[in-house]
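Computed from the coordinates by the stated procedures, all read-outs in this text should not be read as laboratory data. Just so it is clear, the model here is predicted, and its values are computed rather than measured. A quick note on method: Cβ atoms are made from the backbone with ideal geometry, for glycine too, and the neighbour counts reach across all protein chains shown.
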Amino acid sequence: MTSSTPAPGSPSADGAHEEPTHGRHGADRSRHGSAVPTPAPASDAASGGASSDLAAAADEADRALAEMAKAAQRAVAEAHDDGHSAVAQGYEEARRAAEQAYEQSSVRAGRP
């Protein structure tokens with residue numbers, strides 16, 4: 001009886017080369033995940049309260065982010081208001097300039 005799966009390191013049925021899952025020394029690394037070992041989680045007592053320090057830092061970062069978001073909202077609202085003010089000011093300046101131009105043209109035309 002033949003197996004439909006080729007042996008590791010041998011060519012597959014479609015001719016493509018499959019990489020073996022074992023290293024030079026025969027260790028099967030596919031069961032171990034990444035090549036970089038990850039440290040086991042430490043308890044608060046063993047880590048000297050690092051978890052609570054991280055939680056406090058995360059809370060502080062959340063507060064700082066909320067403050068930045070509020071400041072950004074205020075800045076946008078002020079810019080929006082400034083934009084309205086600038087439009088109103090521009091309209092008023094244009095109106096005055098048009099009025100002066102009309103008066104000057106009336107004087108030139110000899111109208112009161």
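Suppose R0 equals 41 Å; then what is the FRET efficiency for ASP81 and VAL107 from their Cβ-Cβ distance, rounded to the nearest 0.05? Intermediate results must be reported in sequence, preceding the final value.
Numbers: r = 39 Å, r/R0 = 0.95.
In this case the efficiency is close to 0.55.
Of the three principal axes defined by the Cα atoms of the range 73-112, the extents in descending order read 55, 10, 5 Å.
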